[in-house]
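Taking it in order: structure first as structure tokens, then the write-up.
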Amino acid sequence: MTTLMTHTSLPGLDAQKPVPLTETKTLSMGKAINEGLRQAMLDDPKVVLLGEDIGALGGVFRVTSDLLAQFGARRVIDTPLAESAIIGTAVGLAYRGYRPVCEIQFDGFIFPGFDQIVSQVAKFHYRTQGAVRMPITIRVPFGGGIGAAEHHSESPEAYFTHTSGLRVIAVSNAQDAYSLIRQAIASDDPVLYFEPKRRYHVKGEVVPELGAPMEQAVIVRPGTDVTLLTYGALVSTAKDAALAAFDEGVSIEVIDLRSLSPVDYAVVEASVRKTGRLVVTHEAAQSGGLGGEIIATITERCFSYLEAAPVRVTGFDVPYPPAKLESHHLPDLDRILDGVDRVMGRR
Amino acid sequence: MIDFSPPLVQLLSIDGERMPRPDFDSWVDDLDGTALLALYRDMLVVRRIDTEATALQRQGELGLWPPLLGQEAAQVGSARALRSDDFIFPSYRENAVAYCRGVNLTDIVKVWRGNAQSGWDPYTVNMATPNIIIGAQTLHATGWALGAQRDEIDAVAITYFGDGATSQGDVNEAMVFAASFQAPVVFFCQNNQWAISEPVGVQAHRNIADRAPGFGIPSLRIDGNDVIAVMAATRIALDRARTGGGPTFIEAVTYRMGPHTTADDPTRYRDPAELAEWKTRDPLLRLHRLLTSLGEITPEVEAATQAIADAAAAELRAGCIGMPDPEPLSVFDHVYSTPNATLERQRADYAGYLTSFGTQSNGTV
């Protein structure tokens, strides 16, 4: 048998000393995740990264840049191209007390790993009555708006929010990206961590702190007339919509959900009791989507507070369309404002 | 040196004769009469347990049972080759492996009675609980082995799966990963000739063992009804893994003499002549013949061994029937390791619902 070059013998092991983020700094969202990963790896030697092209290249979005050089190939593992195996070997590593962080290169590539996530990762703690924990973080760049080829712009989060045993996070900005990746990795439960890829390069101030617990929703703009609920890339669009509506005399309260499972209903309920109106917007298709679930729950719990039927502004029930059509599919500022008009009874 | 591309390796003939093979014999030269008798005892006990569990299913005490009848040598021979710190990732038929690992008999049937999704804590015996998704556990074993490699320990992962599983993507991906990282893992395939109703020819046109070398993994094809060959091959594979040699693939050629599970009916798809032919290769029969020729089996030993097996069956039956039902609200337990507001609300609602009937939350009226 030929002697294979083992990954542990790659050059560059511990060639660089990792320097953690220690002071407030303006970073892109992608770089903020990179800093969060670095801190998590410094905090716990059991944190290992697995994924395709995450080593020398630093990932196709460069989120794992420099980590191979700083932590070596034993902890930053360039894997063969097999998503089920990326997740399935993470299960085995978790069995041995590791905290694997898997990178799925693009949203549409997660499905070969779907069985391991749904049938194994999500169920192990329940199956073994708490004996085996699965502190696995699965990072997924998600969403559209980058003019990409098929399978590169999807929003598969509802498959996972429908799966008991998983926690699901979607970040919208650099600060949350940094804080929540650290929290996700520290979580003893498996976490799907969705990164809105069209926001990777948007910069924001990052304080090197853990911040509020990841299951908390955050009011990113207070308002009194309409509750506008969203997550991921659309948080920014929703804030713009709130600004535009304010000029027209409508006060929108924008909530960044952050945790898609579990949903922080305490924050959402309090807001809807105040405003009496709810609009939920997401890029994912409408039918069976998270918006429908949240609206059903809020309708059950806050029915007497509602002034109007809640409204969904979502991607259509179509496979993700070609790049030249994606602007029609993706909710944008005008479609969100149209939804606000509907919940306000203006049309 | 071991030749890794041989035909079927057999060290114990159907007639119970020890067949010398210099390349394998040194791996089992410690198997004296006492050790062989111990293996026979294990095999007899697990067959007896298997029979009892099938009876418990027929009597309505188990929902389902996957019999291992015919695969005793493959499971006992490999399990008894392991160290206690090696970690086992089985499918759902490795009840003899669980027995050898010291799993409580009641815990073995807990899953099949429907009381829990796992019968035991994997860490107490270094054996994962049954995995029902075909082949999924081979990746877990490979990942565990990557961890062992990083921890710089010489413990090995072994994963059990069947001939049907070799068609699954996960098994093939596991071999790719194991080869790429030279992971200390043993792939132990029990080719029992049938994946429910599909004969092995549906899965493979060549010997299953022939696949592994294409992944860069050496393989052994052994008579899985020959407990001595099974133990030798497993020890060879474990030694390779422990000493940095990477993964090995073992195809143990055996036969599922019973149904796939108690819900199956092999008379619909299997020629009775095939079963009759394999009965002549029964793993217990040939070891019994060897032990008889060695003078290890006397009427007293026979009776004592049978008594041990019967006692195990009685223990299994009592434990199974005496198992308390889980409490209703435990349906919500352990979904997450930390509190979950949505789930806590459902639990509280359901507890209230139960109480509305005058029922206590523990299910008693």
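Filtering segment A:96-106 for residues that are among the aliphatic types (A, V, I, L, M) and touching a strand residue (DSSP E or B) at 6+ places or on another chain (Cβ under 9 Å) leaves a non-empty set.
Condition first: away from every other protein chain (no Cβ under 14 Å), surrounded by fewer than 23 Cβ atoms within 10 Å (Cβ to Cβ) and within 18 Å of A:Gly339 (Cα to Cα). Can you find one or more residues in segment A:265-275 that meet it? Yes, some residue in segment A:265-275 is away from every other protein chain (no Cβ under 14 Å), surrounded by fewer than 23 Cβ atoms within 10 Å (Cβ to Cβ) and within 18 Å of A:Gly339 (Cα to Cα). Against the conditions (1) within 20 Å of A:Arg133 (Cα to Cα); (2) crowded, with 24+ Cβ neighbours inside 10 Å; (3) more than 14 Å from chain B (Cβ to nearest Cβ), A:Ala40 satisfies every one except (2). The sole residue among B:Ser219, B:Ser180 that is surrounded by fewer than 24 Cβ atoms within 10 Å (Cβ to Cβ) and either at pLDDT 95 or above or within 23 Å of B:Trp144 (Cα to Cα) (or both) is B:Ser180. Taking only segment B:328-340 into account, find how many residues are over 30 Å from the mean Cα position of the chain (by Cα) and either in a loop (DSSP other than H, G, I, E, B) or within 9 Å of another protein chain (Cβ to nearest Cβ) (or both). Number of matching residues: 3.
Taken over segment A:309-347, the residue count meeting the criterion of being more than 25 Å from A:Asp107 (Cβ to Cβ) and surrounded by 14 or more Cβ atoms within 10 Å (Cβ to Cβ) is 9. Being assigned to a helix (DSSP H, G or I) and modelled with pLDDT of 95 or more holds for only one residue in A:Asp189, A:Asp176, and it is A:Asp176. Among B:Arg317, B:Arg281, which is the only one that is at pLDDT 95 or above, farther than 23 Å from B:Ile108 by Cβ and crowded, with 17+ Cβ neighbours inside 10 Å? Of B:Arg317, B:Arg281, the one residue that is at pLDDT 95 or above, farther than 23 Å from B:Ile108 by Cβ and crowded, with 17+ Cβ neighbours inside 10 Å is B:Arg281. Of these, B:Leu62, B:Leu56, B:Leu68, which one is surrounded by 24 or more Cβ atoms within 10 Å (Cβ to Cβ), modelled with pLDDT of 95 or more and more than 16 Å from B:Ile158 (Cβ to Cβ)? Step by step, each of B:Leu62, B:Leu56, B:Leu68 is checked, and only B:Leu68 is surrounded by 24 or more Cβ atoms within 10 Å (Cβ to Cβ), modelled with pLDDT of 95 or more and more than 16 Å from B:Ile158 (Cβ to Cβ). Could we say that A:Leu67 is surrounded by fewer than 24 Cβ atoms within 10 Å (Cβ to Cβ) and over 20 Å from the mean Cα position of the chain (by Cα) here? Judged against the criteria, A:Leu67 is a match. For segment A:37-56, the set of residues classified as assigned to a helix (DSSP H, G or I) and in contact with a strand residue (DSSP E or B) (Cβ under 9 Å, 6 or more places away or on another chain) consists of A:Leu37, A:Ala40, A:Met41, listed by residue number. Scanning segment A:296-324 for residues that are aromatic (Phe, Trp, Tyr), out of contact with any strand residue (DSSP E or B) (no Cβ under 8 Å at 6 or more places or on another chain) and not in a helix (DSSP H, G or I) yields a single hit, A:Tyr320. Annotation note: Cβ proximity below 8 Å between a residue of segment B:114-130 that is on the phi < 0 side of the Ramachandran plot and at the interface with chain A (Cβ under 8 Å from one of its Cβ atoms) and a residue that is surrounded by 18 or more Cβ atoms within 10 Å (Cβ to Cβ) and modelled with pLDDT under 95 (sequence gap 6+ or interchain) occurs for no pair. Exactly one residue among B:Ile158, B:Ile222, B:Ile134 is assigned to a loop (DSSP other than H, G, I, E, B), within 20 Å of the chain's Cα centre (by Cα), more than 7 Å from chain A (Cβ to nearest Cβ) and touching a residue at least 24 places away in the same chain (Cβ under 8 Å), and that residue is B:Ile134.
Does A:Glu293 count as at pLDDT 95 or above and either assigned to a loop (DSSP other than H, G, I, E, B) or assigned by TED's automatic domain parsing to the domain that holds A:Thr163 (or both)? So A:Glu293 does not fit the description; no.
Residue-wise test of (1) in the same structural domain as A:Gly165 (by TED's automatic domain parsing); (2) part of a loop (DSSP other than H, G, I, E, B); (3) free of Cβ contacts under 8 Å to residues at least 40 places away in the same chain.
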| site | (1), (2), (3) |
| --- | --- |
| A:Gly58 | yes, yes, yes |
| A:Ser65 | yes, yes, yes |
| A:Ala69 | yes, no, no |
| A:Gln120 | yes, no, yes |
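Within segment A:132-151, residues that are farther than 16 Å from A:Ala285 by Cα have Cβ atoms under 6 Å from residues that are among the polar types (S, T, N, Q) and surrounded by fewer than 18 Cβ atoms within 10 Å (Cβ to Cβ) in these pairs: A:Arg133/B:Ser337, counting only partners at least 6 apart in sequence or on another chain. Residue count for segment B:161-180, restricted to those that are over 16 Å from the mean Cα position of the chain (by Cα), more than 9 Å from chain A (Cβ to nearest Cβ) and either farther than 22 Å from A:Thr79 by Cβ or acidic (Asp, Glu) (or both): 1.
The values are calculated or read from the model by the stated rules, or taken from the named source; none is laboratory data. Note that this is a predicted model, so its numbers are computed, not measured. Here Cβ is always computed from backbone atoms with ideal geometry, including for glycine, and neighbour counts include all displayed protein chains.
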